[in-house]
Amino acid sequence: MSGPTLASMIQRLSSSAADVDGLLFGHVTYIAPSTLPDDDSAQTTLDSQLVATISGFLCFPSLLSFYDSLGRVDTSRLSSTTHLNHKPLIGWFSSRRKTPLRPSMREFCVTRSLSSTPNLSLPIQNSDPDSLFAPSIFLLFTTPLQDQFIQTNQYRAFHFQSSRPCFNPLSIDVVNIGPSFRGHYGSFSPTSALPFLSCELRSLTPMNEDRNEETLIGMKQTEKDQSLLDTCAEGMQVGRLSRLIGPEATNYTAGLEDLYEKMLLKTESLARLVEASSAKVLEQENLNRKLRYKVARSVGVE
């Protein structure tokens, strides 16, 4: 999982008034072994070649959010929650304070029920189309039993093995940007590429470009392409992008650099919007906490 995702989870759990739990979203990738053993009998298991990546989470305000006290999953509530997130479910997490860092019997039952729930398995990337992975990842957060001057959060990941019901501890690799993590980006593939635009090679010359824009169909297509381009680049014109295609593209290196810069500007503006919305959400949570405190205090006085 990424460093910002883990930091966001810890911040959300630390700011909660009580113990909470939630769902984990992401994907599972099959990693082919890089070395081949000399001994044919030395076979690695499938679990050792699977990498689960946590890309998001959903935190509920209290425990027993999608299951009952016996650890049985409420499929109706779980289905509505996962449908709204539009992300594959790979497991769940639990946060409890001043408790040992080991799963409880209820958490064992919840994970077992979740992994056996039908229609929740997700396909494994870079594997056979029929290969599925049940949501069997469990992430546990706790705090030390004794109070400390520095706030400390402990966490450990587990994988539930349904063949012989038990928890297997997993190693957590927090991916951050830096030289030591450069290997994680060796097989990088963009997930938000440029949209498909009808930038034809005939638009390389200014004469053809003006002729294309003078027609009604060309103007409508240009407006459509411009609206698509605005979603991923800030202030980039379709006409300039058209001239970057074809044999004369080598003369427009500066244009490519400008396109990349404007894409970064778009990403920066989106990041600022997310930062502003997160600040408003935190402000609203603090306001709700104060209101709950006032209501509880007024009820106690009465």
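What follows draws every value from the coordinates through simple rules; no lab data is involved. In this text, all values refer to a predicted model and were calculated from it rather than measured experimentally. Neighbour counts run over all protein chains shown; Cβ positions are idealised from the backbone, glycine included.
Listed values for the range 9-16 are Karplus-derived 3J(HN,Hα) couplings in whole Hz (6.51 cos²θ - 1.76 cosθ + 1.60, θ = phi - 60°), namely 5, 5, 5, 5, 6, 6, 7, 6, and x replaces Gly and Pro. Residues within the reach of a label modelled at Ser76 (point 7 angstrom out along Cα to beta-carbon, backbone nitrogen below 19 Å), restricted to the range 109-148, are 114, 117-120.
Net charge in the neighbourhood of Leu264 (other residues with Cβ under 12 Å of its Cβ; Lys, Arg +1, Asp, Glu -1) is -3. Counting only lysines at least 8 places from Lys262 when in the same chain, those with an alpha carbon closer than 30 Å to its own are Lys87, Lys220, Lys224, Lys280. Per-residue Karplus couplings for the range 120-127, computed as 6.51 cos²θ - 1.76 cosθ + 1.60 with θ equal to phi - 60°, are listed in order as 10, 5, 10, x, 8, 6, 6, 9 Hz, Gly and Pro entered as x.
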